[in-house]
Amino acid sequence: MATDVSVVIVGESGTGKELVAGEIHARSARAGHKLVKVNCAAIPDALLESELFGHERGAFTDAKDTRVGKFEAAAGGGLFFDEIGELSTVTQAKLLRVLQEGEFERLGSNETRSTDVRIIAATNKDLEASIREGSFREDLYYRLSVVKLELPPLRERRTDIPLLAQHFLDKFATLYEKDVVGFTESVMRVFLNHSWPGNIRELKNAVERAVIFCDARYVSENDLPQQYEQVSDTLDERMGNLHDSVNREMILRALQRCNGVKSEAAALLRMHRKTLYNKMKRLGINS
């Protein structure tokens, strides 16, 4: 059931927090209105109040025109505070007042305005630790985190790597009009072994670069940047086991999605039926 509560999304940089925020908004009752983004790390603190609440002409030296702030621009929709852990305690106090009272004033104005927005926030910081250190307000944290979502790093969800990589490959093959349909086994082994410090964003960039340089139907190791070189021989057996595990998971998911119809599962996995049968036999999948 769609709700209107505030949400905090926690995860390392590149784990897809903004994408999740967009999906939350798209599935809410406010989907017909804007989700306005506020990059808390990119806006100087001195300008943030004007960005959020707007200002009247002449409110300060460079205020030559009246400006609508983010809260007004997002009316009826949502506000996405990216990297909210970067807000100063002064700005946190002003934000808390708006969340508690649902009211604010533009800079240079005494007119109180009402706001109707849903707040979604994201951070790569441990906000509980920031509270203990005194750099984040506890009352604001509990006001924001009615629902808290934690996104695990990509290295902890390796079974998602093939699905994400294929998604990005399809996207960029269409964008760059390339006849690239998949990855070689060795490339997927490299992807499964890599630690992905940049998470999904790094995977997306790696696949985009590979598609651009690929002149065949399948991305090979020669299409990858240098940092994604093949694993050493000492890791081959371990990675082979991991690759089998991921293959098994993908096949089981496809069979479940296709109600056990192998021909449909093979089409979903973009492989020939005979290839699917052979993989199922080798991996001990009975269906």
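The values are calculated or read from the model by the stated rules, or taken from the named source; none is laboratory data. Everything numeric here is computed off the predicted structure, so don't read it as measured data. Ideal geometry is used to build each Cβ from the backbone, glycine not excepted, and the neighbour counts take in all protein chains shown. Ligands, DNA and RNA are excluded from the accessible area calculation, which covers all protein heavy atoms including side chains. Shrake-Rupley method; radii C 1.70, N 1.55, O 1.52, S 1.80 Å.
Residue count for the stretch 25-64, restricted to those that are open to solvent by 20 Å² or more (accessible area, probe 1.4 Å), at pLDDT 80 or above, more than 15 Å from Glu83 (Cα to Cα) and not small (Gly, Ala, Ser): 8. For Lys171, state whether it is surrounded by fewer than 16 Cβ atoms within 10 Å (Cβ to Cβ) and either outside any helix (DSSP H, G or I) or touching a His at 6+ places or on another chain (Cβ under 8 Å) (or both). For Lys171, the condition - surrounded by fewer than 16 Cβ atoms within 10 Å (Cβ to Cβ) and either outside any helix (DSSP H, G or I) or touching a His at 6+ places or on another chain (Cβ under 8 Å) (or both) - is not met.
Residues are listed down the side, and each one gets a yes or a no for (1) out of contact with any Cys (no Cβ under 8 Å at 6 or more places or on another chain); (2) among the polar types (S, T, N, Q); (3) part of a helix (DSSP H, G or I); (4) at positive phi:
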{"site": "Leu255", "(1), (2), (3), (4)": "yes, no, yes, no"}
{"site": "Ala265", "(1), (2), (3), (4)": "no, no, yes, no"}
{"site": "Thr275", "(1), (2), (3), (4)": "yes, yes, yes, no"}
{"site": "Asn286", "(1), (2), (3), (4)": "yes, yes, no, no"}
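Condition check for Glu83 on (1) more than 29 Å from Gly198 (Cα to Cα); (2) open to solvent by 10 Å² or more (accessible area, probe 1.4 Å); (3) not hydrophobic (A, V, I, L, M, F, W, C): one failure, at (1).
When the stretch 187-222 is limited to residues that are among the acidic types (Asp, Glu) and in contact (Cβ under 8 Å) with a residue 24 or more places away in the chain, the one that is nearest to Phe172 (Cα to Cα) turns out to be Glu208.
Within the stretch 137-148, if we keep just the residues that are open to solvent by 70 Å² or more (accessible area, probe 1.4 Å) and closer than 15 Å to Arg118 by Cβ, the residue that is nearest to the chain's Cα centre (by Cα) turns out to be Val146. If the condition is being outside any helix (DSSP H, G or I) and of a type in the set (Ser, Thr, Tyr), then the stretch 128-150 contributes Ser135, Ser145. Residue under question is Leu151, and the condition is that it be out of contact with any Leu (no Cβ under 9 Å at 6 or more places or on another chain) and either touching a residue at least 60 places away in the same chain (Cβ under 8 Å) or surrounded by 20 or more Cβ atoms within 10 Å (Cβ to Cβ) (or both); does it hold? In short, yes.
If only residues of the stretch 8-20 that are at pLDDT below 95 and of a type in the set (A, V, I, L, M, F, W, C) are counted, the one that is most open to solvent (accessible area, probe 1.4 Å) is Leu19. Selection within the stretch 105-124: residues that are without any contact (Cβ under 8 Å) to a residue 60 or more places away in the chain and either assigned to a strand (DSSP E or B) or among the charged types (D, E, K, R) (or both). The member of this set that is farthest from Asn39 (Cα to Cα) is Glu111. Scanning the stretch 1-59 for residues that are in contact (Cβ under 8 Å) with a residue 24 or more places away in the chain and among the β-branched types (Val, Ile, Thr) gives Thr3, Val5, Val7, Val8, Ile9, Val10, Thr15, Val20, Ile24, Val36, Val38. Which numbered condition in (1) open to solvent by 50 Å² or more (accessible area, probe 1.4 Å); (2) outside any helix (DSSP H, G or I); (3) over 30 Å from Val117 (Cα atoms); (4) aliphatic (A, V, I, L, M) is the only one that Val180 fails? With respect to (1) open to solvent by 50 Å² or more (accessible area, probe 1.4 Å); (2) outside any helix (DSSP H, G or I); (3) over 30 Å from Val117 (Cα atoms); (4) aliphatic (A, V, I, L, M), Val180 is out only on (1). Of everything in the stretch 117-131 that is in contact with a helix residue (DSSP H, G or I) (Cβ under 9 Å, 6 or more places away or on another chain) and loosely packed, with under 14 Cβ neighbours inside 10 Å, the residue that is nearest to Ile24 (Cα to Cα) is Asp126.
Let's see how each residue does on (1) among the aliphatic types (A, V, I, L, M); (2) closer than 19 Å to Thr184 by Cβ; (3) surrounded by 14 or more Cβ atoms within 10 Å (Cβ to Cβ):
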residue: Val246; (1), (2), (3): yes, yes, yes
residue: Cys258; (1), (2), (3): no, no, yes
residue: Leu268; (1), (2), (3): yes, no, yes
residue: Met271; (1), (2), (3): yes, yes, yes
residue: Asn278; (1), (2), (3): no, yes, no
